[in-house]
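The values are calculated or read from the model by the stated rules, or taken from the named source; none is laboratory data. Remember, it's a predicted structure, so these values are computed and weren't measured experimentally. Neighbour counts run over all protein chains shown; Cβ positions are idealised from the backbone, glycine included. Each accessible area value is taken on the protein alone, full model and side chains, heavy atoms only, with ligands, DNA and RNA left out. Shrake-Rupley method; radii C 1.70, N 1.55, O 1.52, S 1.80 Å.
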Amino acid sequence: MAAFTGGRRERVPSLRRRLLTRLLVPLGALAVGLGVGGSALIHGFVQSTHDRLLAGSTLAIAERLAVGDGDGEVTVDLPAVAFGMLESQARDNIYYNVAHEGGVITGYLDLPVPDIATMPTNVTVFRDAAYHGHPVRVAAQVRRLYGVPQPVLVQVAETTEGRRALEVNLLLWLTLLEVALVGGSGLLVWGAVGRGLAPLGRMRRVIDARSARGSMALVPLPLAVVPAEVLPLVVAINGLLARLDQSIGTMRRFTADASHQLRTPLAVLRTHLALLRRYGTDSAEGRAALDDVEGAVKRLERLLVQLLALARADEDAPAGPTAPEVTDLLQVAMEIAAEQVPTALAQDIEVRFEGPEDGPALRVAGNPVLVGELLGNLLDNAIRYNRPGGTVTVRVGQTPEAGPVMEVEDDGPGIPAAERERVFERFYRLDRPGEPPRTGSGLGLAIVRALADRLGASVRLDTGQDNRGLKVTVTLRPAESDAVSTASNLGGHGA
């Protein structure tokens, strides 16, 4: 499996291989530990079994010790069973001797003799030694006989090839069993992971089937058959599909809205250009057509600006952690209000500004460009739909209950309470009987709502002072979570 990071292809192990590795590595370490412990157990078992036979042979010889009548000489009648029990397929060599008073009564004369004085009586003692260059295991027992003052030593020695061969054989079988266990576990895990990942394969086929129909269906993936371990991933994919569907829907709405709204000014341009061709620019009809063309161009320019602003407002926030932006609300509001003054004066509208003259800065969370664009659209609406000789007031301040607020109030015709929610819809325009049709596109408050959502702010429409006009209140988020100040004076100074 390959992944692309920063234009570079990177190899990533498959999930099945990763699970297999993470299971077999500790399983192999456990097998090694069991092998070490098993080898110690096998060595002790083989040693104990052979030592028991060696002790039985020594005891059989010691039981046949006797003292001769009259002369007190120690004799021994070696039983055949004493050495028969030591016979094995390994054909180990067996050595023995019976020693008394420093001499050997019977057996091999050069078999090493231990210090009898340190040995207990009637107890078989084992030791490892070398005889004729071969390792041997020796069992020795000291016996005291009636009428003989000195103890008698009985020894039986056996070479260790049989023991080693048995240990190697048992260790080989243990190793084979552990290899079979680890290998079988790997095969089982490989198949089990494949069966466990089968729901993901079905999910892939569902997605492939959607794209094969010509256009990707962005409906959520079904969760009924999704394993619990993969459920968070599928839920995240469904969230991504929902956001993608929303983005595509926004783009489609923007395209449809733009094409619909651009038809009217373009039709006006075509009509009046035809009139210009017919009457020329010197006639009254030609000059009127030029005026209409200029108005249509201005409306088209404003419409394009608003459509682009709406598209920017509809964009999702950037992915990944970003540093929070801080905006000086008072400074931005004063700059935007000053920019709108010439437009307002041209329409015989007075713009007033009210804000705190001193105290801490009104810092809000959000991009200053978005805050300025939001206020600019509110002021443009208030100026455009106000009456001649009217007033537009911009207020900024801070309340202890809600935090930083921004108000734009006019004394125009206002908006009826029943229509205040609908005016946030795109291209919705009020139908006022007895009034000339407005030149607006119906996008101003839709842009305001989209920008407010982007900034995490709230927008409220109310009737202005003296029950006339419209007051729009925008409550923004403070720059710090603990930025709660005292109620501000919304008194101010004119702009």
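Given 0.36 nm per residue, what is the gain on full extension from L269 to L78 after removing their alpha carbon distance, in nm?
That works out to 55.4 nm of additional length.
The portion of the accessible surface of segment 321-395 made up by carbon and sulfur, rounded to a whole percent, is 54 (1.4 Å probe; DNA, RNA and ligands excluded). Only protein heavy atoms count here; under a 1.4 Å probe, H134 has an accessible surface of about 90 Å². Distance between the 7 Å Cα→Cβ label points at E63 and T118: 3.0 nm. Per residue, the average separation of C-alpha pairs within less than 8 Å and at least 6 apart gives segment 349-422 a relative contact order of 37 percent.
When the chain is fully extended, how far beyond the present Cα-Cα distance does V148 get from V25, taking 0.36 nm per residue of separation?
37.6 nm
Of the solvent-accessible surface of segment 123-255, computed with a 1.4 Å probe over protein heavy atoms with every protein chain present, carbon and sulfur atoms account for 69 percent.
Calculate, for L15 and V182, the FRET efficiency according to 1/(1 + (r/R0)^6) with r their C-beta to C-beta distance and R0 35 Å; round to the nearest 0.05.
Numbers: r = 20 Å, r/R0 = 0.59.
After rounding, the FRET efficiency stands at 0.95.
In segment 79-162 the Cα-Cα distances spread across 5 Å bins starting at 0 as 3, 14, 25, 25, 19, 10, 4, 1, 0 percent of all pairs. Residues whose amide H falls under 5 Å from that of L443, counting only those 5 or more places apart or on a different chain, are F427, with hydrogens built in the peptide plane. Heavy-atom accessible area for E425, with the other protein chains in place and a 1.4 Å probe, reaches approximately 90 Å².
Ligands, DNA and RNA aside, E357 has an accessible area near 140 Å² when probed at 1.4 Å. The modelled label-to-label distance for the pair D328/Q47, using points 7 Å beyond Cα in the direction of Cβ, is 8.8 nm. Remark: spin-label model distance V219-A129 equals 9.2 nm, labels positioned 7 Å along the Cα→Cβ axis.
For segment 46-200, what relative contact order do you get, as a whole percent, if you take Cα pairs closer than 8 Å and at least 6 residues apart? Let's see the in-between values first.
Values: 210 pairs, mean separation 36.3, N = 155.
Dividing the mean separation by the residue count of segment 46-200 yields 23 percent.
Using 0.36 nm per residue of separation minus the Cα-Cα distance, give me the extension gain between N238 and D453 in nm, one decimal.
Working: separation 215, 0.36 × 215 = 77.40 nm, distance 2.27 nm.
Residue separation times 0.36 nm, minus the Cα-Cα distance, leaves 75.1 nm.
Proximity of backbone amide H atoms, modeled 1.01 Å from N, is registered between E350 and G390, T391, V392 at under 5 Å, excluding neighbours fewer than 5 places apart on the same chain.
Here the 3J(HN,Hα) profile of segment 150-161, calculated from phi with Karplus coefficients 6.51, -1.76 and 1.60 at θ = phi - 60°, is 8, x, 10, 9, 10, 10, 10, 10, 9, 5, 9, 4 Hz, Gly and Pro shown as x.
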